[in-house]
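Peer 1: After the structure tokens below, expect a handful of questions from me.
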Amino acid sequence: MVFSPGEPATGNRTEMCRYIALEGIDGAGKTSIQAALRERLESVGIEVVAVREPGGTLLGESLRRVLLDGPPVSPWAEALMFAADRAQLMADVVRPALERGACVVSDRSVYSSLAYQGAGRALGIDRVRRINEPGLAGRWPDLVILLAVSTRTGLARQRQADRIGSSGHALLSTVAEAFDTLARQNPDRFVVVDAERPRSLVVEDVWEAVGL
Ligand code: TMP
């Protein structure tokens, strides 16, 4: 990363910042780690925009309700709604934030669609990638931190399972395998962190991955 803490906020600020995504199966602890990472980044003077997928825009929050608590949704309708949510978030929040030099820390990203819809719903990772590409317009996360937990831990940690998270062990283990494969295929973009450990240790590894 082209950044050293304390460096004046001049010049090409977008160079200093990154689009960081936290990924993992349901119950991996992304939301709590996102809060910790945000605090750390802000403590060194970096503006952070924290977002979640699905959600983060008016359209996105409506889609979130439909996707997570609504009526049955066919696999392709599900994949297309996640892609629509992401396209809106990219246009309204992520791209403007990156352009003004903020860092974006996202709870999930396009990689969730590849893992859940591409692999979990068996739609095909390449086909799901293709429906997402127009909305992303080339803006993939710079860094993906994969919080790795076993499906048993993930299921046990879920306080209130949503429509997708409650699909059970088989879906979650397919998703977990897909995340592992994606991480192996993209070693420059992914860092895998063992999130079975106490939160403080996980936060330290995440901070190291961010590399400030
Ligand atoms: P979470 O944000 O609380 O983890 O809940 C989001 C749920 O939506 C979770 O079960 C994963 C699922 N999901 C997908 O299936 N595909 C996606 O592209 C995204 C962003 C989430």
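The values are calculated or read from the model by the stated rules, or taken from the named source; none is laboratory data. Just so it is clear, the structure is predicted and the values come from calculations on it, not from any experiment. All Cβ positions, glycine included, derive from the backbone under ideal geometry; neighbour counts span all protein chains shown. Note: accessible area is taken over every heavy atom of the protein model, side chains too, but ligands, DNA and RNA are not part of it. Shrake-Rupley method; radii C 1.70, N 1.55, O 1.52, S 1.80 Å.
Peer 1: Would you calculate the convex hull of the Cα atoms in the range 102-212 and tell me its volume per residue in Å³?
Peer 2: 126
Peer 1: With runs of 4+ DSSP H residues as the only contributors, calculate the mean residue ellipticity of the chain at 222 nm using -39,500 (n - 2.57) per run, divided by the residue total and rounded to the nearest 500.
Peer 2: Counting only the DSSP helices, I get -13500 deg cm²/dmol.
Peer 1: Tally up the carbon and sulfur contribution to the accessible surface of the chain as a whole percent, 1.4 Å probe, everything protein left in place.
Peer 2: Values: 5050 of 9800 Å².
Carbon and sulfur atoms account for 52 percent of the accessible area of the chain.
Peer 1: Ok, one more. Residues of the chain: accessible area per residue at 1.4 Å, in Å²?
Peer 2: Ligands and nucleic acids excluded, the result is 46 Å² per residue.
Peer 1: Another question, if that's okay. What length, rounded to one decimal in nm, is gained on full extension from Ala137 through to Ser150, with 0.36 nm per residue of separation minus their alpha-carbon distance?
Peer 2: Details: separation 13, 0.36 × 13 = 4.68 nm, distance 3.32 nm.
Length gained, Ala137 through Ser150: 1.4 nm.
Peer 1: Right, another one. For the pair Ser43 and Glu177, how long in nm is the line joining their label points, each one 7 Å along Cα→Cβ?
Peer 2: 4.0
Peer 1: Over the Cα atoms, compute the radius of gyration (one decimal) and Dmax (the largest Cα-Cα distance, rounded to a whole number) for the chain, in Å.
Peer 2: In Å, with Rg to one decimal and Dmax whole: 16.5, 51.
Peer 1: Under a point spin-label approximation (7 Å from Cα along Cα-to-Cβ), what is the Glu208-Trp76 distance to one decimal in nm?
Peer 2: Placing both labels 7 Å beyond Cα along the Cβ direction yields 4.6 nm.
Peer 1: What's the magnitude of the charge dipole for the chain around its Cα centre, counting Lys and Arg as +1 and Asp and Glu as -1 at the beta-carbon? Answer in Debye, nearest 20. Mind showing how you got there, number by number?
Peer 2: On the way: 25 positive and 27 negative charges, 87 e Å.
The dipole magnitude comes to about 420 debye.
Peer 1: Moving to a separate point now. How big is the range 66-132 by the Kirkwood estimate over distinct Cα pairs, in Å? Don't skip to the answer; put the middle values down first.
Peer 2: Working: mean 1/r = 0.0784 Å⁻¹.
Computed over the range 66-132, the radius equals 12.7 Å.
Peer 1: Based on the Kirkwood radius over alpha-carbon pairs, what value in µm²/s does the Stokes-Einstein equation return for the translational diffusion coefficient of the range 43-93 at 20 °C and 1.002 mPa s?
Peer 2: The calculation lands on 182 µm²/s.
Peer 1: At 1.002 mPa s and 20 °C, plugging the Kirkwood radius over alpha-carbon pairs of the range 150-212 into Stokes-Einstein gives what diffusion coefficient in µm²/s?
Peer 2: The calculation lands on 161 µm²/s.
Peer 1: Show me the ranking of peptides 80-87, 129-136 by mean Cβ neighbours inside 10 Å, starting with the highest.
Peer 2: With the highest mean Cβ count within 10 Å placed first, the list reads 80-87, 129-136.
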